[in-house]
Amino acid sequence: MAALGLIAGKGLYPRLVLDAARKAAAGRICIAAFEGETAPELAGAGDAACWMRVGQLGRLLDFFRKEGVDRAIMAGQITPGRLFDLRPDLKALVLLARLKERNAESLFGAVAGALAEAGVTLLPATTYLEDCLAPSGWVAGPKPGRHLARDVAFGWPVAKQVSALNIGQTLVVKKGTVLAVEGYDGTNATIRRGGGLAPGAVLLKVAKPGQDMRFDVPVIGPDTVRIAAESAISAIVVETGKTLLLGLDEIRALAQKHGVTITGNESLS
């Protein structure tokens, strides 16, 4: 069996992918690890690992070629802003020169194209974690009330439009007012900005219409709930079937402890 590549950023996500792939007998797992991002213990848990800087696309492709990787998964965050501090190799420079825009979709899409040219299929980022996709309705914390339904009715179409413009996946709203829109600073900074303006606000997390599930899928984890609680967010509403809830037992415990409602909402688009 050919090897599986794991392009691993930071956080819980890549570890869960690795563990689930092991249980699924996915074969040898080769980890592309990024300096200052990937946990060293994760890299050590793979059958092979290669450390590189963000932007060393040629090194990534050479590693996968050497190890016989024919499919790969992207999992885990890269620190917001690092893409503005790249030291790209020649392969990455050529790729970047072709891009008209440098947002998550265009950058990751270009990397997926480079992988495909090298004979590596980029799998959906939810592969092996399908059981972690958000269900519809109440998930954790206090049961939702009418005020939440009003905030969702107002904010959801706004969040979907914002995501369609490749601006961000996260919106914070309260009583018909948009408090914060996710930019390049990421979800956590958006939560802090929005929650700091109005205690009791609602966090919405959506997928882009026509979301490419190979990369940049919406993710909620225990840290998201902690930061939401610290920022006086009253509820987190995520898109059903498109958002990964990672570490669900801990998410539920934190939501109950801090009184943060978590629900899944189905999108019509």
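None of the figures in this text is laboratory data; all of them are computed from the coordinates on show. As the structure is a computational prediction, the values presented were derived from the model and not from experiment. Cβ sites come from the backbone with ideal geometry, for glycine too, and all protein chains shown count toward neighbours.
Tabulated data for the structure shown
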read-out: Linear extension gain, Arg28 paired with Arg102, 0.36 nm per residue minus alpha-carbon span; value: 23.4 nm
read-out: GNM result for the chain, Cα springs below 10 Å: residue of Ala25, Ala92, Ala253 fluctuating most strongly; value: Ala25
read-out: Two-site label geometry, Thr177 and Ala20: point separation in nm, points 7 Å out along Cα→Cβ; value: 3.9
read-out: Rounded if a/c under 1.5, otherwise prolate or oblate - region 57-174, Cα gyration tensor axes; value: prolate
read-out: Residue of Ala24, Ala48, Ala72 that the Gaussian network model of the chain assigns the largest fluctuation, springs spanning Cα pairs under 10 Å; value: Ala24
read-out: Region 99-144-region 159-186 distance, computed between alpha-carbon centres (Å); value: 19
read-out: Charge dipole of region 1-140 about the Cα centre (unit charges at C-beta), most positive-ward option of Val17, Leu133, Ala3; value: Ala3
read-out: Proportion of all alpha-carbon pairs of region 3-122 beyond 18 Å (%); value: 48
read-out: Label-reachable residues, region 223-241, where backbone N falls under 18 Å from a point 7 Å from Gln256's Cα toward its Cβ; value: 223, 225-226, 229, 236
read-out: Nonlocal amide H pairs with Ala3, under 5 Å, H built at 1.01 Å; value: Val69, Asp70
read-out: Ala2 paired with Arg150, simple spin-label distance in nm, labels 7 Å along Cα-to-beta-carbon; value: 5.5
read-out: Region 133-265 - charge dipole about Cα centre, Lys and Arg +1 at Cβ, Asp and Glu -1, debye rounded to 20; value: 420
read-out: Convex hull volume per residue in cubic angstrom - Cα atoms of the chain; value: 120
read-out: Lys, Arg +1 and Asp, Glu -1 on Cβ, resulting dipole of region 86-208 about Cα centre, debye, nearest 20; value: 540
read-out: Segment Tyr184-Trp138, length gained on full extension (0.36 nm per residue, minus Cα span); value: 13.6 nm
read-out: Sequence-separation-based contact order of region 145-210, relative, with Cα cut under 8 Å and 6+ spacing, percent; value: 36
read-out: Amide H contacts under 5 Å for Ala49, placed H, 5+ residues apart; value: Ile31
read-out: Student exercise, region 3-122 dipole from Lys, Arg, Asp, Glu Cβ charges, in Debye to nearest 20; value: 80
read-out: Karplus-derived 3J(HN,Hα), 6.51/-1.76/1.60, for each residue of region 153-158, Hz, glycine and proline x; value: 4, 6, x, 4, x, 5
read-out: Estimated FRET transfer efficiency (Asp62, Asn166; beta-carbon r; R0 35 Å; 0.05); value: 0.70
read-out: Loop trypsin sites (Lys or Arg not before Pro), region 92-148 (other Cβ atoms within 10 Å of the site Cβ: 14 or fewer; DSSP); value: Arg98, Lys100, Arg102
read-out: Full-extension gain in nm, Leu90 to Ser267, via 0.36 nm per residue minus C-alpha separation; value: 59.6 nm
